[in-house]
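The values are calculated or read from the model by the stated rules, or taken from the named source; none is laboratory data. Keep in mind that what you see is a predicted model, and the values were worked out from it rather than measured. Cβ atoms come from the backbone with ideal geometry, glycine included; neighbour counts cover every protein chain shown. Surface areas here come from the heavy atoms of the whole protein model, side chains and all, with no ligands, DNA or RNA. Shrake-Rupley method; radii C 1.70, N 1.55, O 1.52, S 1.80 Å.
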Amino acid sequence: QYWFHTDVVSRLPFGLEYVLNTPSHHRMHHRPPGNCNYAGVLIIWDRMFGTFVPETTRRDYFGLADQPQTFDMLKLNVNHLQRMGNIYRA
């Protein structure tokens, strides 16, 4: 799955983007809030199950919407649990 993470491929010819997963589809998968374009190879599954979201404008914004401001491994590994606890308490 190397080619999903490249900037060399822009658009695929012959309607192949309708069937195959591409870097633009994969960028939408990683763009917050995510929850779309789960396909590993064939994007047709996302189209069939309603989880496909096309990339209308390119924005290279990936990862968590609220970035942790630390490189401490312990804090990074429990960050998700702390966030879930905060949601539960609210």
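Miscellaneous remarks
- Going by accessible surface with a 1.4 Å probe and the largest first, I44, I87 read I87, I44.
- Long-range HN-HN contacts of L20 with modeled amide H, under 5 Å: I43
- Sparsely packed loop sites in the range 1-69 (the trypsin sites (Lys or Arg not before Pro) outside DSSP H, G, I, E and B with at most 16 other Cβ atoms within 10 Å) comprise R11, R58, R59.
- In the context of the full set of protein chains, the chain has a per residue accessible area of 78 Å² (1.4 Å probe).
- Over the chain, relative contact order from alpha-carbon pairs under 8 Å, at least 6 apart, %: 22 percent
- Fraction of accessible area attributable to carbon and sulfur, the chain (%, probe 1.4 Å): 63 percent
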